[in-house]
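Reviewing the structure listed below.
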Amino acid sequence: MKIKKIVLCVLVITYNLIYSQSFEDALRPFKYISPEIGYSSVFNSNATLIRDISSLYTNPANLALINKSQIYFSFQNNTVKQYAEPYGIANSSFKQSDYSNFSGVGVIWDVPVYRGNLAIGVSYFSVSNYDMLLKSEGIYPVNNGTENVYNNYTISENGLLYVLSIGTSVEFRKNLFLGASFNKYDGYRNYDFNGYEIDTLDIYAHYYWNYIEKIEPTYTGRNITAGMTYVYKSFIYGVRISSPLKLNSTENFKIEERVIEDDNKNILLLNSYSDTTDYSMKYPIEYSVSFGYKSTALELSLNTTFHSWNDIKFFSNLYEIDDNNDTVKIDRRINREIRSNLKQTYDIDFGLIFHATTNVDFLFNYQLRTKPYKDINSEFRNINQISMGIKFSIGNLDIITSYKFITSKDLIEIYYFGTQTSQRLQKHRFNITTVLNM
């Protein structure tokens, strides 16, 4: 009976690892895409408030509202904190990661034309930080809770996705601005899982089980963003639409498993597997609408972005054998999972700018993100993001400093060990962007 448990476990793990992509993996590269330079380091995708180089991504129509040529440079420091409470035990664990990265650089050329301005922009900045932590350990119940086994697992993830954007904006008619940009993406992600199980009660046929997984995909892709902004007296209206984004990936992955038998502690089983796969993921059209109001001292804005997560599509040249012993492409199964597990969602941004003096602005933004998974408990449904910053102007130099706090709660199920962990994740981002006005 014990040998059957090991064989079944090995078969399940090997199958899941060879075909490691799932609806979660297909979703991951698109999950938190948002510029991290200038005003966007505070306002995320709040299009009516973002009138700097990151407008190339949030709403390129806003470039022509700037009325000046500018050079941008941005840098960011990140702290990720994770608190985990394993299901069934009292103690919790904590893990922290700190790192810094180059956020972006860009140039805007402002050209006066017959009516208003024509603006041309070029930028290269990060739009996604792949930073995730999960560490959990403790005594877990098995065999319907009648016996216990010690489990320990650690998951870490890091990586960045950058975008090179080239675009233009013009005042098409009085107070009506149109713009478009071409966006080329490149990036990478490193995913590491290390877990082990110690069976001191001789429940299984092994004493010690160690499993290691490393996944390292790289990403490339391109799409187009178009926007329209209309200014009427103290009010501003914005619409943005992005064409489908298809990310191509080359993924290197490696799996290693060791099982040590109970008596003499010799290695009973050692599995090692590595390979490279090529695949692509296509995210559908994304659009947002925004409304803003401006007075002498204040600017207020509300922005809503809509995501069709359940329309993400996965493509690969991988095959599997179905129940009828027919050879079928694996992306058919994954796309069925996507449609059955994901839903359409929306993000809501509320933003505020307070013009304290002619040289100092205070910035604030709150964003509510709804998670794309169907049938999840309300406790784990949302991601809250609070951002604040200050803009200083010294002669021709502007300095924008910002702090962003992101918090979410997840229920993580590790199928290797059949355990669940309630995870509270916090991310702290500090950004500084310098702007030279010419």
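The numbers here are math on the coordinates, done by the rules we state, and not lab data. This is a predicted model, so every value here is computed, not measured. Positions of Cβ are backbone-derived with ideal geometry, glycine not excepted, and every protein chain shown enters the neighbour counts.
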Under the rule of -39500 (n - 2.57) per DSSP H run of 4 or more residues, summed and divided by the residues of the chain, what mean residue ellipticity at 222 nm is obtained, to the nearest 500 deg cm²/dmol? -2500 deg cm²/dmol
Rg/Rh over Cα atoms for segment 165-322, Kirkwood Rh, comes to 1.25
Counting only Cα, what are the radius of gyration and maximum Cα-Cα distance Dmax of segment 238-351, in Å? 23.4, 79
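Could you tell me the calculated FRET efficiency between Arg173 and Ser272, based on Cβ-Cβ distance and R0 = 56 angstrom, to the nearest 0.05?
So the FRET efficiency works out to roughly 0.30.
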Quick numbers on segment 366-416, Rg and Dmax over C-alpha atoms in Å, give 17.8, 59
Compute the angle between helix 2-18 and the longest alpha-carbon principal axis of the chain, please, reported from 0 to 90 degrees and rounded to the nearest 10. 30 degrees
Once the principal axes of the Cα atoms of the chain are found, what is the range along each, listed largest first in whole angstroms? 84, 48, 33
Cα-based Rg and Dmax for segment 274-431, in Å, come out at 21.9, 73
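Kirkwood-based Rg over Rh for segment 101-259 (C-alpha set), two decimals?
1.27
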Between the helical axis of 330-341 and the dominant principal axis of the chain, each derived from Cα atoms, what acute angle in degrees is found, rounded to the nearest 10? 70 degrees
For segment 51-58, Karplus couplings with θ = phi - 60° (6.51, -1.76, 1.60), whole Hz, Gly/Pro x: 10, 8, 5, 6, 4, 3, 9, 7
Once the Cβ-Cβ distance between Asn325 and Val239 is put in as r, and R0 is 35 Å, what FRET efficiency do you end up with, to the nearest 0.05? 0.10
